[in-house]
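Peer 1: Below: one structure in structure tokens.
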Amino acid sequence: MPDLSIIHASTFYELTAVVVLAAVIGFVGVLLRQPMIVSFIAVGVLAGPSMLNIVESHEHIELLAELGIAVLLFLVGLKLDLKLIRTLGPVSLATGLGQVAFTSAIGYLIGIALGQDMITSLYVAVALTFSSTIIIVKLLSDKREVDSLHGRIAVGFLIVQDLVVVLAMMVLSAFGIGAQTGAGDSALEHVGSVLIYGLIMLGFVLLFIRYLATPLVSRIARSQELLITFAIGWAALLAAIGSQLGFSKELGGLLAGISLASTPFREAIVARLASLRDFLLLFFFIALGLQLDLGLLGSQLVPALIFSVFVLVGNPLIVMAIMGTMGYRKRTGFLAGLTVAQISEFSLIFMAMGLSLGHVSAESLGLVTLVGLITIAMSVYMITYSHRLYSQLEPWLSIFERRKPYREEALEDQRAEKQPYDVILFGLGRYGKAVAYYLQKEGFSLMAVDFNPDEVRRWRNQGHRVMYGDASDAVFVSDLLLDGVKWVVAAMPQHDLGVTHEDPRLSLIEGLKQQGYTGGIAVCAQQLGDHNVLKEKGATLILLPFHDAAEQAVARMKAASPASCLDPAKS
């Protein structure tokens, strides 16, 4: 073991060493085309007591991690609309509770079959039901799928899971208090008091939304610096209050975001806090890696593999079955189901509480730790490459879809849009809306498509033709009415990595070619390097928003100014 006394001489040196190590490992991960989350968890394992033992000031890492969690869930809450919560509430509640119930029951039977006692089997089974909201939201954010239908549903049932986590840990800790004090009713009293506090906090947030949110934030927003400081402080405050009242910090941060979601400044807050969120979440993943004690893992390999297969395969199947029964397409159920194909950091905390109460052994904690290590690493890849995975498995998934998926068809409203149109525009972001405006100004009839239910509703309320859909969904593209369509425009948000196999632009081009579409395909690209690839795949026209706007700006300047102003020969 190298001498790390210099690093341990100062907390600043420890944090510096961790951040530098994260940069190095992250760079290696990028070269190997690995998801960044896996690299950051590896940093935690390397920096932890089982290997380099760089970090001794765990409380400082955990503090930054907790602030990152508050900011992340705050940003998720900012994107949640109360009307959407009412719409997706039933499926989120049914899927969340159903997955917890079925996973617990089946996991318990697997534990008994592996020779575990009843108490250990119950603990392990409950631990397997918890999925990591933090990891899933981060992955969906990176793929820009938080606003998609499956992303919204996934966030919904992950919140339900968090509530179950809080309730389970409250009951467990309350029974522990009761055992220490000899008070038999203390557990029930503790749970009841937390539920009352929860209702009070929810009532406060609703009153804040109704009377204070917009006028308060409008005044604060006069200073951009103050707006961001207020946003971080508000997220941390409600996270702290939620934790103090017996909830998780995640739920407190989420409520903070929801409380500001109705204000006109939410997009500005999201844009300015995104980089801070990514930096602080580095410490969450490092803290998660620090919790993994490799010394406890050796003897639990076989049962851990069995439980891991159940989590990676069984949990998504449970979610697909529930969502299919409720009237969603197999694709939506599959993409949402992948989000529960891992266990959470709360699973380790839950087992640690059981260990402190004497209910389970250190070997059981090691078992769940190894399951967490396997499932988190595998599920990151499954979610990152979810669309390619779906295309491979799609022929075998029809059993999870009703003959008439009525809930999702109600969102699409495609059959009501029988009139012919000249252009199909995918993506109603800022650029997509601008393109739509100028197309309609030039007299083109337009059908817009977006995978964000909020945007679909807003666009329809403004009197425009629109339908819910996803460019990377081959079934949706195959159902499009393409007769008479002159142009299909792909203006969806893009990853910063350029063209990849998961790129929805490529999926759309391929789907249109399979339908025999012969009209024009215009594709938006933010990077010049994408031009040749998209042309080779079949794009007719490449739209470069920044370069096109710059060229147009110079042309307008030349037209509006004296010739000498922009004549290089006269300068």
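The values are calculated or read from the model by the stated rules, or taken from the named source; none is laboratory data. What you see is a predicted model; the values in this text were computed from it and never measured. Glycine gets a Cβ as well: all are built from the backbone with ideal geometry, and neighbour counts include every protein chain shown.
Peer 1: Can you work out which of the residues in segment 490-514 that are among the small types (G, A, S) and outside any helix (DSSP H, G or I) is modelled with the highest pLDDT?
Peer 2: Of all residues in segment 490-514, those among the small types (G, A, S) come to 490-491, 498, 507, 511.
When the remaining residues are screened for being outside any helix (DSSP H, G or I), the result is 490-491, 498.
On the way: A490: 92, A491: 89, G498: 55.
Restricting to residues being among the small types (G, A, S) and outside any helix (DSSP H, G or I), the top hit is A490.
Peer 1: Which number in (1) assigned by TED's automatic domain parsing to the domain that holds G192; (2) within 30 Å of A168 (Cα to Cα); (3) assigned to a helix (DSSP H, G or I) marks the one condition that F230 misses?
Peer 2: Tallying (1) assigned by TED's automatic domain parsing to the domain that holds G192; (2) within 30 Å of A168 (Cα to Cα); (3) assigned to a helix (DSSP H, G or I), F230 fails exactly one: (2).
Peer 1: Okay, moving on. With closer than 30 Å to E455 by Cα, buried (at least 20 other Cβ atoms within 10 Å of the Cβ) and at pLDDT 85 or above as the only criterion, which of S121, S141, S131, S92 stands out? Outline the logic, then answer.
Peer 2: Values: S121 fails: closer than 30 Å to E455 by Cα; S141 fails: at pLDDT 85 or above; S92 fails: at pLDDT 85 or above.
It is S131.
Peer 1: Which residues, counting only those in segment 435-480, are aliphatic (A, V, I, L, M) and within 27 Å of the chain's Cα centre (by Cα)?
Peer 2: Initial filter on segment 435-480 (aliphatic (A, V, I, L, M)): 435-436, 439, 446-449, 456, 466-467, 471, 474-475, 477, 480.
Across segment 435-480, the qualifying residues are A448, V449, V456, V466, M467, A471, A474, V475, V477.
Peer 1: Here's something else I'd like to know. Identify the residue in segment 359-386 that is of a type in the set (S, T, Y) and in a helix (DSSP H, G or I) and, among all such residues, is farthest from S132 (Cα to Cα).
Peer 2: Of segment 359-386, the ones of a type in the set (S, T, Y) are 361, 364, 369, 375, 379, 381, 384-386.
Cutting the leftovers down to in a helix (DSSP H, G or I) gives us 364, 369, 375, 379, 381, 384, 386.
On the way: S364: 20, T369: 14, T375: 11, S379: 11, Y381: 15, T384: 15, S386: 17 Å.
Filtering segment 359-386 for residues that are of a type in the set (S, T, Y) and in a helix (DSSP H, G or I), the one farthest from S132 (Cα to Cα) comes out as S364.
Peer 1: Search segment 151-168 for residues that are free of Cβ contacts under 8 Å to residues at least 60 places away in the same chain and pair each with any residue that is of a type in the set (S, T, Y) and part of a helix (DSSP H, G or I) when their beta-carbon atoms are under 6 Å apart and the residues are at least 6 apart or on different chains.
Peer 2: none
Peer 1: Could you check G246 against (1) over 20 Å from T133 (Cα atoms); (2) touching a residue at least 12 places away in the same chain (Cβ under 8 Å); (3) of a type in the set (G, A, S) and say which number it fails?
Peer 2: (1)
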